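Encoded as structure tokens, the structure appears first; notes follow it.
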Amino acid sequence: MSTTAHANLAADESTSTILSAFSTLPDPQLSALIECVVLDTHHRHRRISAILSTPTLFSLAILRLLSLPDKSFLISHLLLSSLHCLTLPFVTQLPPHAVGCEPCSEQNTALQFLHWPCVRRMMPGDEDAVLLLLLLCDLQHRHPQVLDEASPSEWRHILKDLCYDTMVSLSGIGSHHGGALVPFVETVVRCHRYVSSMTCPVVGGEEVAASASTVLQLPWVEVDKGGGECVVCWEEMREGRQACELPCRHMFHWTCILPWLRKRNTCPCCRYELPTDDIYGEIQRLWNMLMKRGQLVREGKCGQRSAGRNTMGETSEAGIRG
């Protein structure tokens, strides 16, 4: 098997695994996820339309691309934004009005997801540049000779023809909005493969610190009788003492866990991953979350999807441990 064929097979497998992760989502969360993807997709299409129809915006996006020696910087930020969108149903509780009855509640919930604090939006100039970069890569993949034979001044018209059919097919005309989810996931997989191939530390497993905002939000809990030992210092967790509890429910002395989290974003007991401010570490965390959940679904270790509640049980986001 050729290298290209092997890479395409791996990409298809990753896409299938990620899509499997959504199969057990309850109906309100699945609908909100799809609406979130559709809103984000339409936003990107509006930006692409503006770039390709406005010579000035097109020129500015090209200049932004040329000014960056490392294009993986742009791809990484788009990838992170997309991963946040895909993982929000697993880390966000639905507002009360979203579980139930109103026909338009999914869109309202999707809008709340898009404005959730952890969703990192790109600067407009960077977003235009990375969307143009993805279009150029797609054109190079489909028609390798076109860019070589055409002058840069002709690229804008060529790209308009290339993306017209895609925009119409994903606009929702004549199809259910769920049709936007698969190409969105495929783009995420391509971006992850690109960033990984550029030897960025996405797959390197390097230790990164937990984000400061996450550490500040960790709860203080009182140790009950038989609290066990703090695995950092191996001293007893004395009854009545205030301790730090991570989302995975493991407890530690504050004086022990704070220095630990300044160096690494994982639980000392189970390797559960906390959010990090390091872009590549956060990409890896969210990618792992999707892949692990998808693999659990494929192995039959996740509950079935229900109409009004999450049946994931112990495989919720706080229970998926490294």
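Taking the listed residues Ile62, Ile18, Ile75, Ile51, the one that is more than 30 Å from His157 (Cα to Cα), surrounded by 16 or more Cβ atoms within 10 Å (Cβ to Cβ) and of a type in the set (Val, Ile, Thr) is Ile18, with no other qualifying. Would you be able to say whether some residue in the range 68-77 is more than 18 Å from Gln284 (Cα to Cα), out of contact with any Phe, Trp or Tyr (no Cβ under 7 Å at 6 or more places or on another chain) and aliphatic (A, V, I, L, M)? Looking through the range 68-77, at least one residue is more than 18 Å from Gln284 (Cα to Cα), out of contact with any Phe, Trp or Tyr (no Cβ under 7 Å at 6 or more places or on another chain) and aliphatic (A, V, I, L, M).
With respect to Glu273, determine if the residue is modelled with pLDDT of 90 or more and over 14 Å from the mean Cα position of the chain (by Cα). Before the answer, list the steps.
Values: modelled with pLDDT of 90 or more: yes; over 14 Å from the mean Cα position of the chain (by Cα): yes.
Yes: the conditions hold for Glu273.
In this structure, Asp27 does not qualify as among the acidic types (Asp, Glu) and either surrounded by 15 or more Cβ atoms within 10 Å (Cβ to Cβ) or within 24 Å of Leu132 (Cβ to Cβ) (or both). Residues in the range 57-84 that are more than 23 Å from the chain's Cα centre (by Cα) and not aliphatic (A, V, I, L, M) were compared, and the one that is modelled with the lowest pLDDT is Pro69.
Taking the conditions exactly as written (touching a Phe, Trp or Tyr at 6+ places or on another chain (Cβ under 9 Å), surrounded by 14 or more Cβ atoms within 10 Å (Cβ to Cβ), in contact (Cβ under 8 Å) with a residue 24 or more places away in the chain and not in a strand (DSSP E or B)), does Val195 satisfy them or not?
Considered against the rule, which asks whether it is touching a Phe, Trp or Tyr at 6+ places or on another chain (Cβ under 9 Å), surrounded by 14 or more Cβ atoms within 10 Å (Cβ to Cβ), in contact (Cβ under 8 Å) with a residue 24 or more places away in the chain and not in a strand (DSSP E or B), Val195 comes out as yes.
Is one or more of the residues making up the range 5-28 at pLDDT 90 or above, under 25 Å from Leu162 (Cα atoms) and out of contact with any Gly (no Cβ under 6 Å at 6 or more places or on another chain)? Looking through the range 5-28, at least one residue is at pLDDT 90 or above, under 25 Å from Leu162 (Cα atoms) and out of contact with any Gly (no Cβ under 6 Å at 6 or more places or on another chain).
Residue by residue, here is whether (1) in a loop (DSSP other than H, G, I, E, B); (2) of a type in the set (D, E, K, R); (3) modelled with pLDDT of 55 or more; (4) buried (at least 16 other Cβ atoms within 10 Å of the Cβ) holds:
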{"residue": "Trp116", "(1), (2), (3), (4)": "yes, no, no, no"}
{"residue": "Asp126", "(1), (2), (3), (4)": "no, yes, yes, yes"}
{"residue": "Ala129", "(1), (2), (3), (4)": "no, no, yes, yes"}
{"residue": "Leu134", "(1), (2), (3), (4)": "no, no, yes, yes"}
{"residue": "Arg190", "(1), (2), (3), (4)": "no, yes, yes, yes"}
{"residue": "Glu206", "(1), (2), (3), (4)": "yes, yes, yes, no"}
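Only one residue in Ser23, Ser16 is assigned to a helix (DSSP H, G or I), out of contact with any strand residue (DSSP E or B) (no Cβ under 8 Å at 6 or more places or on another chain) and not acidic (Asp, Glu). Which one? Working first, answer last.
Working: Ser23 fails: assigned to a helix (DSSP H, G or I).
That would be Ser16, the only listed residue that is assigned to a helix (DSSP H, G or I), out of contact with any strand residue (DSSP E or B) (no Cβ under 8 Å at 6 or more places or on another chain) and not acidic (Asp, Glu).
The values are calculated or read from the model by the stated rules, or taken from the named source; none is laboratory data. Keep in mind the model is a prediction, meaning the values are calculated, not measured. For neighbour counting, all protein chains shown are included, and Cβ atoms are generated from backbone atoms with ideal geometry for every residue, glycine included.
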